[in-house]
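Report on the structure given below.
The values are calculated or read from the model by the stated rules, or taken from the named source; none is laboratory data. Keep in mind it's a predicted model, so treat the numbers as computed, not measured. Cβ: placed from backbone, ideal geometry, glycine included. Neighbour counts: every protein chain shown. Side chains included, ligands, DNA and RNA excluded: accessible areas come from the protein's heavy atoms. Shrake-Rupley method; radii C 1.70, N 1.55, O 1.52, S 1.80 Å.
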Amino acid sequence: MDDAALVQTIVEGHVEAFRVVVLRYERPLFRFLARFGFAAAAREDLAQETFLRAFRALPSFDPARGSLASWLFTIARNVAATERARTRHVREVAQSHSAPDVRSGGDGPAELHERADAAARLRRALDGLPAALHSTFVLVEIRDLSLKEVAEIEGCAVGTVKSRVHRAREQLRAALGATERSS
């Protein structure tokens with residue numbers, strides 16, 4: 001069943017069908033929230049809050065304005081931004097969602113430490129980005145969404161998305177370059 005039909009079924013009173021929405025989107029939402037730097041427990045809470053808000057607002061969902069996925073990710077981005085602003089402290093990131101493990105047979109402790117250090121520097125640099133740049137960068141570069149999809153989620157023009165990604169890259173380069181110079 002496609003998303004639009006599923007939403008219609010739920011709105012018509014078959015609320016148990018919302019379970020399909022949760023099963024379909026919980027993993028992508030968890031991965032999305034992980035890229036904001038939230039620990040596993042926080043991701044679960046934020047995903048639950050996202051689904052709760054979506055369920056309550058489902059009658060207002062209009063498939064003509066965008067996909068259910070875009071709508072859910074917009075809600076998740078807003079929930080994450082609110083939580084990020086509320087906490088304002090360094091968040092721990094689950095080891096399984098940090099940098100990909102690209103070990104080769106010859107990697108020793110020094111190489112593994114270097115890679116872990118690089119991943120930590122990148123997480124700190126991402127955390128240092130302003131909220132709008134951070135979420136746009138994560139959606140484009142890490143979630144690999146199209147510029148149009150990101151513009152829908154962010155509620156801005158495609159040109160604004162391009163500009164934010166460019167500025168985020170510049171700020172990340174500067175932050176990572178400054179970190180390497182001070183090491």
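What's the total number of residues in the range 131-146 that are touching a Lys or Arg at 6+ places or on another chain (Cβ under 9 Å), open to solvent by 60 Å² or more (accessible area, probe 1.4 Å) and free of Cβ contacts under 8 Å to residues at least 40 places away in the same chain?
Qualifying residue count for the region: 1.
Can you pull out every residue in the range 11-67 that is part of a helix (DSSP H, G or I) and among the small types (G, A, S)? Step through it out loud before you land on a result.
Residues of the range 11-67 that are part of a helix (DSSP H, G or I), as a first pass: 11, 15-34, 40-60.
Passing the criteria: A17, A34, A40, A41, A42, A47, A54, A57, S60.
Out of V165, V138, report the one residue that is within 27 Å of F30 (Cβ to Cβ), under 19 Å from the mean Cα position of the chain (by Cα) and modelled with pLDDT of 85 or more. Quick ask: steps written out before the conclusion?
Details: V138 fails: modelled with pLDDT of 85 or more.
Result of the check over V165, V138: V165.
How many of the residues making up the range 147-174 are touching a residue at least 24 places away in the same chain (Cβ under 8 Å) and either surrounded by fewer than 18 Cβ atoms within 10 Å (Cβ to Cβ) or part of a loop (DSSP other than H, G, I, E, B) (or both)? Talk me through it step by step, then tell me what you get.
From the range 147-174, those touching a residue at least 24 places away in the same chain (Cβ under 8 Å) are 149, 152-155, 161, 164-165, 167-169, 171-172; that's our starting set.
Checking which are either surrounded by fewer than 18 Cβ atoms within 10 Å (Cβ to Cβ) or part of a loop (DSSP other than H, G, I, E, B) (or both) leaves us with 155, 167, 169.
The total comes to 3.
For the range 16-41, how many residues are in contact (Cβ under 8 Å) with a residue 40 or more places away in the chain and surrounded by fewer than 20 Cβ atoms within 10 Å (Cβ to Cβ)? It would help to see each step written out before you state the result.
Start the filter on the range 16-41 by keeping residues that are in contact (Cβ under 8 Å) with a residue 40 or more places away in the chain, which leaves 18, 21, 25, 28-29, 31-40.
Of the ones still in play, those that are also surrounded by fewer than 20 Cβ atoms within 10 Å (Cβ to Cβ) are 18, 21, 28, 31, 39-40.
Qualifying residue count, the range 16-41: 6.
Take the conditions part of a loop (DSSP other than H, G, I, E, B), under 26 Å from V7 (Cα atoms) and at pLDDT below 80 and apply them to D101. Does it pass?
On the way: part of a loop (DSSP other than H, G, I, E, B): yes; under 26 Å from V7 (Cα atoms): no; at pLDDT below 80: yes.
No: the conditions fail for D101.
Would you point out the residue of the range 42-56, among those that are open to solvent by 80 Å² or more (accessible area, probe 1.4 Å) and among the basic types (K, R), that is nearest to L6 (Cα to Cα)?
Result: R56.
Considering only the range 42-67, how many residues are touching a residue at least 24 places away in the same chain (Cβ under 8 Å) and of a type in the set (G, A, S)?
Going through the range 42-67 one residue at a time, the tally reaches 5.
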